[in-house]
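One structure is given below, encoded as structure tokens.
The values are calculated or read from the model by the stated rules, or taken from the named source; none is laboratory data. Quick caveat: nothing in here was measured; it's all calculated off a predicted structure. We place every Cβ from the backbone using ideal geometry, glycine too, and count neighbours over all the protein chains shown.
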Amino acid sequence: MTHKGIADIPQRTCLGCRVSKDKQQLLRFIQTPEMEIYPDLDNKLPGRGAYTCNSIHCVATAVDRQQFKRSFKQNVTVMQSDVLIDYLRKQLSLRIIGLIGLANKAGLITAGSSLVTDMLKGRNKPGLIIIAADISEAIGSKIITCADYNKVPRRMVLTKDDLGAVLGKAPKSAISIASSGFVAQLIKAIDRYRNFLGEV
């Protein structure tokens, strides 16, 4: 029996830093029929793709050095680097918000720092804790310590207003997601977003 090795994993070169990586780790861009460059965050759109690292710096470098035009060998239209970066940031954050909304509809979310702490101390541990980036240091440290002690994954992302808004409630400092398929999806989406911003 043969096993696929590293050499069998599709590799693509970043237009920004020129480093070759597994294409699933990169951001894919396609050329639309209108000759515009468009991000394909799901890697599903048809056509030839061009790639950058999941990084603000590499996206900006690719745009500013006109690497998309060279890659597609045509005079394609590309957003200004700051506009494209802001668009990507919003789309990546919306992925997180959308998943939280779906988990909430499925009844898998507990919201509020006190309730989240109680969940961490209870018998049925949550699958993931999401802590607002603007949580107070005292409350945040308490939740982080409790999550780490109970070996529950945690991520810090979005704001208290964001978390409250997606749940249709007042601002929330933290939420917990029950063990489910949403946990892996959220961890992936949050890590991708934070990596793009350079926070990880």
Checklist entry - With respect to Val157, is the statement that it is under 18 Å from Arg194 (Cα atoms), of a type outside the set (Gly, Ala, Ser) and touching a helix residue (DSSP H, G or I) at 6+ places or on another chain (Cβ under 7 Å) true? => result yes
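Looking only at segment 101-119, which residues are in a helix (DSSP H, G or I), within 24 Å of the chain's Cα centre (by Cα) and surrounded by fewer than 22 Cβ atoms within 10 Å (Cβ to Cβ)? Before the answer, list the steps.
Here is the first cut: in segment 101-119, the ones in a helix (DSSP H, G or I) are 101-105, 113-119.
Filter once more, so that each one left must be within 24 Å of the chain's Cα centre (by Cα): 101-105, 113, 116.
If the condition is that a residue be in a helix (DSSP H, G or I), within 24 Å of the chain's Cα centre (by Cα) and surrounded by fewer than 22 Cβ atoms within 10 Å (Cβ to Cβ), then Gly101, Leu102, Asn104, Lys105, Ser113 are the ones that fit.
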Checklist entry - Which of the residues belonging to segment 153-176 are hydrophobic (A, V, I, L, M, F, W, C) and either under 14 Å from Ser93 (Cα atoms) or surrounded by 19 or more Cβ atoms within 10 Å (Cβ to Cβ) (or both)? => result Met156, Val157, Leu158, Leu163, Ala165, Val166, Ala174, Ile175
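Of these, Lys73, Lys90, Lys44, which one is modelled with pLDDT under 95 and over 13 Å from Leu27 (Cα atoms)? Spell out how you get there, then give the answer.
Numbers: Lys90 fails: modelled with pLDDT under 95; Lys44 fails: over 13 Å from Leu27 (Cα atoms).
Result: Lys73 is the single residue among Lys73, Lys90, Lys44 that is modelled with pLDDT under 95 and over 13 Å from Leu27 (Cα atoms).
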Checklist entry - Does Leu92 meet the test of being under 20 Å from the mean Cα position of the chain (by Cα) and not in a strand (DSSP E or B)? => result yes
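Within segment 13-37, count every residue that is outside any loop (DSSP other than H, G, I, E, B), free of Cβ contacts under 8 Å to residues at least 24 places away in the same chain and surrounded by fewer than 16 Cβ atoms within 10 Å (Cβ to Cβ). Explain how you work it out, then say what you get.
Quick first cut of segment 13-37, residues outside any loop (DSSP other than H, G, I, E, B) only: 13, 20-31, 36-37.
Those left that are additionally free of Cβ contacts under 8 Å to residues at least 24 places away in the same chain: 20, 22, 24, 28, 30.
Restricting the remaining residues to those that are surrounded by fewer than 16 Cβ atoms within 10 Å (Cβ to Cβ) gives 20, 22, 24.
Selection size over segment 13-37: 3.
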Checklist entry - Hey, does segment 190-197 have a residue that's within 15 Å of the chain's Cα centre (by Cα) and free of Cβ contacts under 8 Å to residues at least 24 places away in the same chain? => result no
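Would you point out which residue out of Ile97, Ile131 is in contact with a strand residue (DSSP E or B) (Cβ under 6 Å, 6 or more places away or on another chain), touching a residue at least 40 places away in the same chain (Cβ under 8 Å) and aliphatic (A, V, I, L, M)? Full working, then the answer.
Working: Ile97 fails: in contact with a strand residue (DSSP E or B) (Cβ under 6 Å, 6 or more places away or on another chain).
Among Ile97, Ile131, only Ile131 is in contact with a strand residue (DSSP E or B) (Cβ under 6 Å, 6 or more places away or on another chain), touching a residue at least 40 places away in the same chain (Cβ under 8 Å) and aliphatic (A, V, I, L, M).
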Checklist entry - Which of the following residues is under 24 Å from Arg194 (Cα atoms), assigned by TED's automatic domain parsing to the domain that holds Lys23 and touching a strand residue (DSSP E or B) at 6+ places or on another chain (Cβ under 9 Å): Ser113, Ser71, Ser55? => result Ser55
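Give the residue that is surrounded by the most Cβ atoms within 10 Å (Cβ to Cβ), with candidates limited to residues of segment 58-100 that are of a type in the set (Lys, Arg) and closer than 30 Å to Ser179 by Cα. Before you say what the answer is, go through the steps one by one.
At the first step, the residues of segment 58-100 found to be of a type in the set (Lys, Arg) are 65, 69-70, 73, 89-90, 95.
Among the residues that remain, those that are also closer than 30 Å to Ser179 by Cα are: 89-90, 95.
Values: Arg89: 14, Lys90: 9, Arg95: 18.
Across segment 58-100, the extreme among qualifying residues is Arg95.
Which of the following residues is touching a helix residue (DSSP H, G or I) at 6+ places or on another chain (Cβ under 6 Å) and within 20 Å of Ala103 (Cα to Cα): Ile130, Ile187, Ile139, Ile177?
On the way: Ile130 fails: touching a helix residue (DSSP H, G or I) at 6+ places or on another chain (Cβ under 6 Å); Ile187 fails: touching a helix residue (DSSP H, G or I) at 6+ places or on another chain (Cβ under 6 Å); Ile139 fails: within 20 Å of Ala103 (Cα to Cα).
Just one listed residue meets the conditions, Ile177.
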